[in-house]
Amino acid sequence: MKQIILENRNRVKAIIRRLTGSNNEDLEQEVYIKTWQNLDKYQEQGKFAQWISMLTANVCRDYFKSKQYRQNATQSGDDEVLESCCAEAAPQEELVDAQTRQKLILKAVDALPRKLRQTVVWFEFEELSYEQIAKKTGEPVGTIKSRLFNARKILGEKLKFLKGE
């Protein structure tokens, strides 16, 4: 397990920082605990780095859904900012800081239908190619491209206020 941590520490920290906007050691520890608990479930279908990256993204997603996050967000007023950003037709981009933007984007991705969400996560966060995703799902490459197109279309519509439209 020590070797796994050493080999993947930078990747895990980078994903947590990118998704949450901060270095969160508690989430990092949670990733390693879940890795240890699920190591026997890992199948050699893809690279281990991709598997642990997906696990990290899932831990971050779970954190955003957690009671602890909601309490912290309420105390810092993040929920009010998120709600006001979503409610306004065209908030000024400079009012929406990078961390809030990330939270809004993750929330929108999380609201996508399962197949579209999974495709976006694999393509954007895991950086898998169309072919790799098609191989994982058993679907044609054209279907993967279509799902990604549709997911981007939905996200673009939901998040157009971030562009100032």
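Only the coordinates and a few stated rules stand behind these numbers; no lab work does. As the structure is a prediction and not an experimental result, all values here were calculated from the model. As a convention, Cβ positions derive from the backbone with ideal geometry for all residues, glycine included, and neighbour counts pool all protein chains shown.
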Legend entry - Where Cα atoms sit under 25 Å apart: lysine pairs in region 116-161 separated by 8 or more or lying on different chains: 7
Legend entry - Calculated FRET efficiency for the pair Phe48/Arg114, C-beta based, R₀ 25 Å, to 0.05: 0.55
Legend entry - Rough spin-label spacing in nm, given labels placed 7 Å along Cα→Cβ, for Glu7 and Leu39: 1.1 nm
Inset, instruction - Would you list which lysines come within 24 Å of Lys13, measuring only between C-alpha atoms, while excluding same-chain residues fewer than 8 positions from it? - result: Lys2, Lys34, Lys41, Lys47, Lys65, Lys67, Lys103, Lys107
Inset, instruction - Can you tell me which of 54-60, 23-29, 129-135 comes out highest on packing, and rank the rest after it, using the mean Cβ neighbours within 10 Å? - result: 54-60, 129-135, 23-29
Inset, instruction - With label points built 7 Å along Cα→Cβ from the Cα atoms of Thr143 and Arg17, find their separation and express it in nm. - result: 3.8 nm
Inset, instruction - Calculate, in nm to one decimal, what Asp62 and Asp26 gain on full extension: separation in residues at 0.36 nm each, minus their alpha carbon distance. - result: 11.7 nm
